[in-house]
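Visitor: Before I ask anything, let me first share the structure, which is written out below as structure tokens.
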Amino acid sequence: MKIALLGYGKMGKIIEKIALSRKHEIVLTIDHDNLHDLTAENLQKADAVIEFTMPASVLSNIDHCFNAGVPIVVGTTGWHDKIDEVKQRCEEGNNALMYATNFSVGVNIFFHINRMLAKVMNNYPYYDVQVEEIHHTQKLDAPSGTAITIAEGIIDNLESKNEWVNVLTTDDSHDDGNVATDQLLIESMRIDSVPGTHTVIYDSEVDTIEFKHTAHNRNGFALGAVLAAEWLHDKKGFYSVEAMFDFKA
Ligand SMILES: NC(=O)c1ccc[n+]([C@@H]2O[C@H](COP(=O)([O-])OP(=O)(O)OC[C@H]3O[C@@H](n4cnc5c(N)ncnc54)[C@H](O)[C@@H]3O)[C@@H](O)[C@H]2O)c1
């Protein structure tokens with residue numbers, strides 16, 4: 001398959017390696033220093049685009065791909081308040097897009113179990129729940145897109161929580177903020193070079209249940225993005241990464 005990479009930062013470089021190891025060809029690489037190469041003609045050389053840039057550029061990159069009629073896998077986070085608009089443009093234009101706050105297979109298993117666990121915990125209201133996420137200090141958005149997906153999974157399935165609130169700290173000190181009982185706290189910490197750690201904590205007076213995912217490096221996200229491009233390249237429509245997985249339990 002021929003792949004175009006939008007964004008050649010930490011993720012773009014690993015995606016390139018994994019795509020080449022799976023016998024794909026990289027036909028276009030765009031970063032801030034060659035934006036003039038981002039043309040419909042160049043994009044159309046690819047069977048699929050993989051986009052890992054920045055919240056400020058992702059929407060215009062999606063538009064470029066829609067205008068060129070090339071399927072796009074979007075890894076960039078921090079734009080999900082625009083998801084309904086993008087979905088509408090995707091479907092009206094008969095385009096193809098897959099997005100994920102996190103493409104790692106392990107995290108998607110985690111999302112699935114998190115939703116099931118939240119349902120179970122409805123019967124045990126003496127546990128309160130919160131989400132913790134730790135990322136490297138260069139991360140631009142807080143809370144992480146992954147933490148938002150985890151929080152939405154809890155809110156959709158646990159009757160006692162109606163919305164999430166975020167507290168950001170830049171060290172490993174804990175700050176439980178000032179949250180109402182129907183609010184779900186997402187505590188974000190920014191520490192050195194941590195690739196991504198997410199913990200769901202159910203706490204009662206007698207014990208604590210912790211459910212945790214730790215990324216050891218970025219390879220899992222990159223492999224998931226390449227698998228997504230392989231899955232999407234011959235399809236039309238707007239997909240979340242779950243479409244790729246079969247988690248029947
Ligand atoms: N969905 C996932 O699985 C997942 C996993 C990891 C990271 N991310 C997200 O992916 C994004 C990128 O992460 P990263 O760690 O590679 O960041 P990074 O800062 O290392 O790389 C981003 C790159 O995009 C480039 N860029 C900026 N504007 C551009 C534009 N208009 N066109 C093309 N390139 C442009 C920058 O110069 C930089 O090289 C972030 O939003 C991050 O949160 C998502």
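Visitor: How many of the residues making up the stretch 134-159 are more than 16 Å from the ligand (Cβ to nearest atom), farther than 20 Å from A100 by Cα and surrounded by fewer than 17 Cβ atoms within 10 Å (Cβ to Cβ)?
Guide: 1
Visitor: Moving to a separate point now. Has the stretch 214-223 got any residue that is over 30 Å from N94 (Cβ atoms), hydroxyl-bearing (S, T, Y), touching a Gly at 6+ places or on another chain (Cβ under 9 Å) and at pLDDT 95 or above? Talk me through it step by step, then tell me what you get.
Guide: Narrowing the stretch 214-223 to residues over 30 Å from N94 (Cβ atoms): 214-220.
With the extra rule that they be hydroxyl-bearing (S, T, Y), the set shrinks to 214.
After this cut, where a residue has to be touching a Gly at 6+ places or on another chain (Cβ under 9 Å) as well, the list is 214.
Still in the running and at pLDDT 95 or above: 214.
The answer is yes, given that some residue of the stretch 214-223 is over 30 Å from N94 (Cβ atoms), hydroxyl-bearing (S, T, Y), touching a Gly at 6+ places or on another chain (Cβ under 9 Å) and at pLDDT 95 or above.
Visitor: Got a sec? Which of K87, K13, K23 is away from the ligand (no atom under 15 Å from the Cβ), outside any strand (DSSP E or B) and surrounded by 14 or more Cβ atoms within 10 Å (Cβ to Cβ)?
Guide: Details: K13 fails: away from the ligand (no atom under 15 Å from the Cβ); K23 fails: surrounded by 14 or more Cβ atoms within 10 Å (Cβ to Cβ).
Being away from the ligand (no atom under 15 Å from the Cβ), outside any strand (DSSP E or B) and surrounded by 14 or more Cβ atoms within 10 Å (Cβ to Cβ) holds for just one of K87, K13, K23, which is K87.
Visitor: Let me ask something else about it. Looking at T53, T76, can you tell me which residue is in contact with a Ser or Thr (Cβ under 7 Å, 6 or more places away or on another chain), in a loop (DSSP other than H, G, I, E, B) and within 22 Å of E152 (Cα to Cα)?
Guide: Answer to the selection: T76.
Visitor: Please verify whether H112 is farther than 20 Å from L140 by Cα, within 13 Å of the ligand (Cβ to nearest atom) and assigned to a helix (DSSP H, G or I), treating the condition exactly as stated.
Guide: On the way: farther than 20 Å from L140 by Cα: yes; within 13 Å of the ligand (Cβ to nearest atom): no; assigned to a helix (DSSP H, G or I): yes.
No.
Visitor: Can you find, within the stretch 185-197, the residue that is surrounded by the fewest Cβ atoms within 10 Å (Cβ to Cβ) among those that are of a type in the set (D, E, K, R) and either without any contact (Cβ under 8 Å) to a residue 24 or more places away in the chain or closer than 15 Å to H136 by Cβ (or both)?
Guide: Only one residue tops the list, namely D192.
Visitor: Another one. Kindly list the number of the only condition in (1) over 11 Å from F238 (Cβ atoms); (2) in the same structural domain as I50 (by TED's automatic domain parsing); (3) among the small types (G, A, S); (4) away from the ligand (no atom under 16 Å from the Cβ) that fails for A118.
Guide: Only one criterion in (1) over 11 Å from F238 (Cβ atoms); (2) in the same structural domain as I50 (by TED's automatic domain parsing); (3) among the small types (G, A, S); (4) away from the ligand (no atom under 16 Å from the Cβ) is unmet by A118, namely (2).
Visitor: Can I ask one more? Sort out which residues of the stretch 198-244 are more than 27 Å from A46 (Cβ to Cβ) and either touching an Asp or Glu at 6+ places or on another chain (Cβ under 7 Å) or crowded, with 18+ Cβ neighbours inside 10 Å (or both), and write them in order of number.
Guide: H198, T199, V200, I201, Y202, D203, H213, A215
The values are calculated or read from the model by the stated rules, or taken from the named source; none is laboratory data. What you are looking at is a predicted structure, and each value in this text was computed from that prediction instead of being measured. So basically every Cβ, Gly included, is an ideal-geometry build from the backbone, and we count neighbours across all protein chains shown.
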